[in-house]
Amino acid sequence: MPSNFSSSDQAKFVAAKRACEFVHNGMKLGLGTGSTAAWMVRCLAERVNKEGLKVKGVPTSIQTADLAKKLGIEVITLDSAGQLDLTIDGTDEFDGNLNLIKGAGGALLREKIVASASDKMIVIADDAKGVERLGRFPLPVEVLNFGFKSSQLLIQALLEFQDVDSSIIKTRMVGDLPFVTDEGNHILDLYLGRIGDATALSLALNQVPGVVENGLFVKLCDVVIVGLADGTVKEKTTASNRKL
């Protein structure tokens with residue numbers, strides 16, 4: 001582990017390195033998106049190049065695809081892969097049941113499709129991402145460009161009947177323009193404070209016309225590997241989720 005790492009990078013690195021130990025020869029992998037997932041891609045590439053590990057990766061974003069190709073990881077499409085053995089990704093929040101909020105990097109749609117197509121999912125994170133209740137981090141909702149303001153109004157009305165502490169909605173922006181995902185959609189960030197029932201909220205949001213997907217990942221994660229600044233890791237599991 002390089003000595004010039006920040007505490008945050010050290011935590012991400014050790015979590016990513018531990019997650020890559022679950023990867024075996026011949027696996028088809030989902031490759032997550034974000035700063036923590038980027039460390040995983042680098043650690044995986046090190047095994048590919050030094051050990052001759054043979055894997056195929058399905059990236060969840062253009063950004064991840066570019067990094068994986070650059071580092072020598074074979075990249076394939078999900079359609080050609082079919083079912084995946086394992087997805088490794090980061091998260092914005094996780095609770096005690098390993099439910100997640102994801103989407104800060106704008107790749108939540110592909111991330112959820114890939115995670116759902118995987119036999120197992122490992123999430124890597126630093127300790128600050130653990131919460132008692134989801135909702136401290138804004139919940140991203142991906143919506144179609146067509147009528148996205150209308151979709152926002154419908155979501156606003158829906159939140160009045162959900163167990164949340166707040167209902168502020170902001171369009172994610174890049175400068176003066178709405179952020180555009182790899183699929184050409186926009187993202188609404190929901191500042192909820194606390195989510196009382198993640199399953200109910202996820203189902204309700206996906207019924208809104210124009211909503212493509214939301215960033216609640218419920219019962220998809222099997223293990224969260226938490227990296228610590230001192231170079232150690234903690235592994236969190238729950239009996240209600242799938243097992244490695």
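Of all residue pairs spaced 6 or more apart or on separate chains, none has beta-carbon atoms under 8 Å together with a first member in region 71-94 that is more than 15 Å from Ile113 (Cβ to Cβ) and hydrophobic (A, V, I, L, M, F, W, C) and a second member that is surrounded by 12 or more Cβ atoms within 10 Å (Cβ to Cβ) and at pLDDT below 95.
Within region 223-237, the set of residues being under 17 Å from Leu86 (Cα atoms) and of a type in the set (Asp, Glu) comprises Glu235 only. Residues in region 1-23 that are surrounded by 12 or more Cβ atoms within 10 Å (Cβ to Cβ) and outside any helix (DSSP H, G or I): Phe5, Phe22, Val23. Within region 84-100, the set of residues being under 18 Å from Lys54 (Cβ atoms) and either modelled with pLDDT under 95 or over 14 Å from the mean Cα position of the chain (by Cα) (or both) comprises Leu84, Asp85.
Here is a yes/no grid of residues against (1) closer than 24 Å to Ser202 by Cα; (2) of a type outside the set (Gly, Ala, Ser); (3) crowded, with 22+ Cβ neighbours inside 10 Å:
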{"residue": "Thr77", "(1), (2), (3)": "no, yes, no"}
{"residue": "Ala81", "(1), (2), (3)": "no, no, no"}
{"residue": "Glu93", "(1), (2), (3)": "yes, yes, yes"}
{"residue": "Lys102", "(1), (2), (3)": "yes, yes, yes"}
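Just checking, how many residues over region 126-175 are out of contact with any Phe, Trp or Tyr (no Cβ under 8 Å at 6 or more places or on another chain), within 25 Å of Asp89 (Cα to Cα) and of a type in the set (D, E, K, R)? Residues in region 126-175 being out of contact with any Phe, Trp or Tyr (no Cβ under 8 Å at 6 or more places or on another chain), within 25 Å of Asp89 (Cα to Cα) and of a type in the set (D, E, K, R): 6 in total. Only one of the listed residues (Asp197, Asp222) is under 23 Å from Ala128 (Cα atoms), among the charged types (D, E, K, R), surrounded by fewer than 22 Cβ atoms within 10 Å (Cβ to Cβ) and in contact (Cβ under 8 Å) with a residue 60 or more places away in the chain. That residue is Asp222. Cβ-Cβ distances below 8 Å connect the following pairs, each with a first residue in region 36-65 that is farther than 21 Å from Leu78 by Cα, a second residue that is aromatic (Phe, Trp, Tyr) and buried (at least 17 other Cβ atoms within 10 Å of the Cβ), and a separation of six or more residues or different chains: Trp39/Phe13; Cys43/Phe13. From the list Ala128, Ala68, Ala115, the one residue that fits, being in a helix (DSSP H, G or I) and modelled with pLDDT under 95, is Ala128. Any residue at all in region 161-176 that's surrounded by fewer than 15 Cβ atoms within 10 Å (Cβ to Cβ) and touching a residue at least 60 places away in the same chain (Cβ under 8 Å)? Scanning region 161-176 turns up no residue that is surrounded by fewer than 15 Cβ atoms within 10 Å (Cβ to Cβ) and touching a residue at least 60 places away in the same chain (Cβ under 8 Å). Residues that are assigned to a loop (DSSP other than H, G, I, E, B), under 20 Å from Arg172 (Cβ atoms) and polar (S, T, N, Q) do occur in region 134-146. Would you check which residues across region 200-219 are small (Gly, Ala, Ser) and in contact (Cβ under 8 Å) with a residue 40 or more places away in the chain and list them? If the condition is that a residue be small (Gly, Ala, Ser) and in contact (Cβ under 8 Å) with a residue 40 or more places away in the chain, then Ala204, Gly210, Gly215 are the ones that fit. Of the residues Gly32, Gly26, Gly57, Gly52, the single one that is of a type outside the set (A, V, I, L, M), more than 17 Å from Val223 (Cβ to Cβ) and buried (at least 23 other Cβ atoms within 10 Å of the Cβ) is Gly57. Identify the residue in region 225-244 that is under 18 Å from the mean Cα position of the chain (by Cα) and modelled with pLDDT under 95 and, among all such residues, is surrounded by the fewest Cβ atoms within 10 Å (Cβ to Cβ). Checked region 225-244; the qualifying residue surrounded by the fewest Cβ atoms within 10 Å (Cβ to Cβ) is Thr237.
The values are calculated or read from the model by the stated rules, or taken from the named source; none is laboratory data. No experiment lies behind these values; they were computed from the predicted model shown. Here the Cβ is made from the backbone with ideal geometry for all residues, glycine too, and neighbour counts use every protein chain on show.
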